[in-house]
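Each value in this text was obtained by applying a stated rule to the coordinates, not by laboratory testing. Because the structure is a prediction, the values reported are computed rather than measured. Cβ sites come from the backbone with ideal geometry, for glycine too, and all protein chains shown count toward neighbours.
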Amino acid sequence: FDTFPVIHNIFGYGQFFVLSGLILTLRRVYSGFHARTYRIGYAAVGTTMLLMVLFHLTHFTTLLVVELIGQLLAYAWVLSVTRNMAE
């Protein structure tokens, strides 16, 4: 599935850093969301970062699994943001 690992890593880590930057700076940009949204975002970034570190140190699973978990957490954060915007 991973014919070009360097390209895959560039896009995977790039997406992680861009989304993490967005999540971590959201409170400074707009502080009108519920605290739940910020907590979900911080938990998503922290959990994904921890899984990436554990992957690189122990190779306990594939990087694809780590990315899928990170995407699931990012999706939960996006749902929380849209719910706040609808209220």
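Dividing the summed -39500 (n - 2.57) terms of all DSSP H runs of n ≥ 4 by the residue count of the chain sets its mean residue ellipticity at 222 nm at -29500 deg cm²/dmol.
For the chain, run through the chymotrypsin sites (Phe, Trp or Tyr not before Pro) and keep only the ones in DSSP coil with at most 13 other Cβ atoms within 10 Å of their Cβ.
PHE1, TYR30, PHE60
Length available on full extension from ARG39 to LEU64: 0.36 nm per residue minus the Cα-Cα distance, which gives 6.5 nm. Within the shell defined by Cβ-Cβ distances under 11 Å, the residues around ASN9 carry a net charge of -2, with Lys and Arg each +1 and Asp and Glu each -1. Only one of (1) 77; (2) 46; (3) 61 was calculated from the structure for percent of Cα pairs over 18 Å apart, and its label is (2).
Each residue in HIS59, HIS34 was given a count of other beta-carbon atoms within 10 angstrom of its own, and listing them fewest first yields HIS59, HIS34.
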